[in-house]
Structure formats: structure tokens, C-alpha cells
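Okay, structure first, notes after.
All of the numbers you see were taken from the coordinates with simple rules; none came from a lab. This is a predicted model, so every value here is computed, not measured. Quick reminder, even Gly has a Cβ in these numbers, built from the backbone with ideal geometry, and neighbours come from all protein chains shown.
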Amino acid sequence: MSANIIDGKAIAGKIKEEAAEVALQLKEQGIMPCLAVVLVGDNSASKVYVNNKKKACEAVGIDSISYEMPEDLSEEELLKLIDTLNKDEKVHGILVQLPLPKHINETKVIMAISPNKDVDCFHPQNVGALHTGGQGFLPCTPAGIIELILRSGYSISGKRCVVIGRSNIVGKPVAMLLLRENGTVTICHSKTKDLSEVCKQADIIVVATGKRNTLTKDMVKEGAIVIDVGMNRDENGKLCGDVDYAEVSQVAGAITPVPGGVGPMTIAMLMKNCLTAVTIQKILK
Ligand code: GUN
């Protein structure tokens, strides 16, 4: 039996349509949702991501203002720009694309963004709210993963969930969201013993290690749901994830492809967060 392929592109399209309806309602109330996107330097992958984010804003009906700053921008200048954007009432969301050049302290920059405009959900105040079950911004990729599972008709409640990877952007927050959905969650990482045995118990496996073939067929229970967050290149330069897709899709019940799985969801959830930002700022007024 081969796995149900979870179509991230289609689900992301639906979420963007829903966001477009909300954006239209806001415009009818005289509010133009606006995202400020800050890119420092010329990291080519970051340029592609930022461009895709701007295109999505346009499609959904959210204004985007982009700040493309030189590689040698000082930390002080960046913090000053963030301060200006924090105070600008027309700007609802602020996104500083990571990674930043080495001479800039990322933590300091994340801390400088107003928690009320933090559409990435990177600020410690928003990360804390995520852990205590508060409302507001949700981290884009992790929230996208939850949407992929639920909108494909699968439940998380009571399921054994294994997350491989413990990054601040994906591993840790997706574990917290799975827990919020009443999953029983295990977080695995490079020091985990008997990874294969742990994975074999899982009903849902999220793989976010950044390493090809982290998850192979022998590690997956028949019928398990497999979510692949990876974005790597194989020996022929072809995009691939962290999962051995050809093999694992023979045993999994459902699987996300790369590309076309988790990737499109990150941007769709960012659009939702931009609209959440408008609501938060309305409440604060
Ligand atoms: N770099 C890689 N992923 C992300 C993301 O989701 N947001 C930001 N700001 N930078 C990133």
C-alpha cells in the first residue's frame, strides 16, 4: 500500500484564500494590513524566501514594505529601523529574515521587535505564551504542520507523536503545538538512543533535522503520518527532504512531499499572522 500524499500546496492555497477574505473585510473597515520585511545582506536563499513572502502578501491583499539593507549594516542601524517600524501605526507585522550577518546579534534583534508585531513568533514573550497556552501569534512552520495534519482529516489527540530535531524555529515549537492538540509527544535529537525504536512507536513523526535520509522505512510503523520539514539537495542537485521518501511512502499512511509539503504552509501561516497582528493592534488601541 502506498501513502496518502498530503498536498501542502493545495492546503496552503486554501488558507491564503481564507486570509484574503479577512484582508478584504479589514479593507472595508478602512484598515490596510501591512507587513514590513527586512532583509540584511545578500544571502541568496533568504532573497528567494523574502520574495516569496512579498508575492504571497500581494496575492492575499496585504501591503508589504521591503527593506533590503547592505551586508555591512550595523547592529545599531538595524535596531533603529526596528524601533521606527515598531512605532509606525501603519505597519502591523515586522519580519526580519534570518540568518543575519555574523556581526549582528540575532537574539538582540528578535528581542527588539515589538511582541505585538512579531509575526514570526520568535520573541520570548510570544514563545512563552505558546507554552502557557495563550492566544496570539503561532510560529509559522509549526502551525502549518498542525494545519496539514488536521485539514487532511487526521486527529492528533491521544496520538503518539515523535519530533526529530530540537531547533527553536521548528522542533521545540512543533512539539508544543502537538502537545496543545493533546498528542503524547517525544522530542528526539542527535544524542537520542535507539531513535529507530522510538520512531517505530509513533503514529505521527515530524522530521526536522536538515539531514537527508534521517528517517528510513525500517523506522516507521505501518500507517504512520510522516511530516518532512527538510529542504536539502541530493547528489544530483534535486530538492529533497529529511525523509527517504521513496521507501517511507511504501509504509506510511500519509506523507508530505518535498517540495510541495510543509514549505508552502510556512508562508500561508505568515499571512494569517499578519492578520492576527491587525487584531492585536486593534485591541491595544
Ligand atoms: N529564516 C528561515 N526561516 C525563517 C522564518 O520562518 N522567518 C524568518 N524571519 N527567517 C527565517
Task: Student exercise, the chain dipole from Lys, Arg, Asp, Glu Cβ charges, in Debye to nearest 20 - done: 500 debye
Open item on the list: Along the Cα→Cβ direction, 7 angstrom out, place labels at Lys285 and Arg160. What is the inter-label distance in nm?
Closed with: 5.1 nm
- [ ] Search the structure for amide H atoms under 5 Å from the amide H of Ser64, placed 1.01 Å from N in the peptide plane, and list their residues when 5 or more places away or on another chain.
- [x] Leu35
Task: Globularity index of the stretch 85-230, i.e. its alpha-carbon radius of gyration over 2.2 N^0.38 Å - done: 1.15
Task: Positive-end extreme of charge dipole, the chain - chosen from Gly230, Gln250, Leu179 (charges on Cβ) - done: Leu179
Open item on the list: Checking the a/c ratio against 1.5 first, then a/b against b/c, what shape does the Cα gyration tensor give for the stretch 1-111?
Closed with: oblate
- [ ] Provide the per-residue ³J(HN,Hα) series for the stretch 151-157, in order, calculated from phi with Karplus coefficients 6.51, -1.76, 1.60 and θ = phi - 60°, each as a whole number of Hz, with x at glycine and proline positions.
- [x] 6, 8, x, 9, 9, 10, 3
TODO: With r as the distance between the Cβ atoms of Met1 and His103 and R0 = 35 Å, compute the FRET efficiency 1/(1 + (r/R0)^6) and round to 0.05.
DONE: 0.10
Open item on the list: Through the Karplus equation 6.51 cos²θ - 1.76 cosθ + 1.60, θ set to phi - 60°, convert the phi angles of the stretch 158-171 into ³J(HN,Hα) values in whole Hz; use x for Gly and Pro.
Closed with: x, 7, 7, 10, 10, 10, 9, x, 10, 6, 6, 7, 10, x
Open item on the list: Here is the link list: Lys87/Lys282; Lys191/Lys238; Lys211/Lys272; Lys102/Lys238. Which ones come out longer than 23 Å on Cα distance?
Closed with: Lys191/Lys238; Lys211/Lys272; Lys102/Lys238
Task: Selected from Val109, Leu148, Ala56, residue furthest toward positive end of dipole (the chain; charges at beta carbon) - done: Leu148
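Say R0 is 25 Å: what FRET efficiency, to the nearest 0.05, do Lys200 and Gln250 get from their beta-carbon distance?
The calculated FRET efficiency here is 0.95.
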Task: Per-pair calculated FRET efficiency, R0 = 25 Å: Asn52 and Lys90 via Cβ, rounded to 0.05 - done: 0.60
- [ ] Please order Met219, Met176, Met1 by the number of other Cβ within 10 Å, starting at the fewest.
- [x] Met1, Met176, Met219
Task: Cα-based shape type of the chain, given that a ≥ b ≥ c are square roots of the gyration tensor eigenvalues and the cut on a/c is 1.5 - done: prolate
Open item on the list: If the reach is capped at under 21 angstrom between alpha carbons, list the lysines near Lys159, excluding any in the same chain fewer than eight residues apart.
Closed with: Lys172, Lys200, Lys217, Lys221
TODO: Grab the DSSP H runs of the chain that are 4 residues or longer, score each as -39,500 (n - 2.57), total them, divide by all residues and round the 222 nm result to the nearest 500 deg cm²/dmol.
DONE: -13000 deg cm²/dmol
Task: Karplus 3J(HN,Hα) series, Hz, for the stretch 9-18 with 6.51 cos²θ - 1.76 cosθ + 1.60 (x for Gly, Pro) - done: 5, 5, 5, 4, x, 5, 5, 5, 4, 4
Task: Charge dipole magnitude, Cβ of K and R +1, D and E -1 - the stretch 83-138, Cα centre, debye nearest 20 - done: 80 debye
